[in-house]
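Report on one structure; see the data block that follows.
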Amino acid sequence: QVQLVESGGGSVQAGGSLRLSCAASGYTYSRNCMGWFRQAPGKEREGVALALTGTSITYYADSVKGRFTISQDNAKNTVYLQMNSLKPEDTAMYYCAASMRRLEPFCSPLYDYNYWGQGTQVTVSL
């Protein structure tokens, strides 16, 4: 019943920008960890950016700090990922994910994420 729908992926040259969107339906999010993971061929899945919904608390992977920004529209149960200064190593399938309600004042990619989107491909060329 709960669905996460991603959009905004595509192909871009190095140095370019993309904005990903993830809209949740079937569940009202409040103090959930919600955000983005990515997986490249032959690589392990990694957490990219996460937000504790309804708060200003965020998590970023070291590799994207200063380049990516996660934001949220709680009225729409939607999170966004603004990706600037893209690099070829950012090429991956990007997945939106959401956890159940949490009490801790932070988010970690090691938490159990119950809901996943279908993924959207991001390709960064030289």
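The values are calculated or read from the model by the stated rules, or taken from the named source; none is laboratory data. Note that this is a predicted model, so its numbers are computed, not measured. Note that we place each Cβ from the backbone using ideal geometry, even for glycine, and neighbour counts take in every protein chain shown. Note: areas computed on protein heavy atoms with side chains; ligands, DNA, RNA excluded. Shrake-Rupley method; radii C 1.70, N 1.55, O 1.52, S 1.80 Å.
Tabulated values for the structure
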read-out	value
Cβ pairs under 6 Å, 6+ apart, first in segment 83-109 and over 26 Å from PRO41 (Cβ atoms) and touching a residue at least 12 places away in the same chain (Cβ under 8 Å), second open to solvent by 10 Å² or more (accessible area, probe 1.4 Å) and hydroxyl-bearing (Ser, Thr, Tyr)	SER99/TYR111; SER99/TYR113; CYS107/TYR59
Some residue of segment 63-79 being open to solvent by less than 10 Å² (accessible area, probe 1.4 Å), out of contact with any Leu (no Cβ under 9 Å at 6 or more places or on another chain) and not aliphatic (A, V, I, L, M)	no
Selected residue (criterion: nearest to the chain's Cα centre (by Cα)) from residues of segment 46-59 that are crowded, with 16+ Cβ neighbours inside 10 Å and of a type in the set (Val, Ile, Thr)	VAL48
Among residues of segment 91-110, those that are aromatic (Phe, Trp, Tyr) and open to solvent by less than 40 Å² (accessible area, probe 1.4 Å), counted	1
Cβ pairs under 9 Å, 6+ apart, first in segment 15-26 and of a type in the set (Lys, Arg), second surrounded by 12 or more Cβ atoms within 10 Å (Cβ to Cβ) and at pLDDT 95 or above	ARG19/GLY8; ARG19/TYR80; ARG19/LEU81; ARG19/GLN82; ARG19/MET83
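Condition check ((1) open to solvent by less than 30 Å² (accessible area, probe 1.4 Å); (2) within 17 Å of the chain's Cα centre (by Cα); (3) under 18 Å from GLY117 (Cα atoms)) across all residues:
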residue	(1), (2), (3)
SER7	no, yes, yes
ALA14	no, no, no
SER25	no, yes, yes
GLY35	yes, yes, yes
GLU44	no, yes, yes
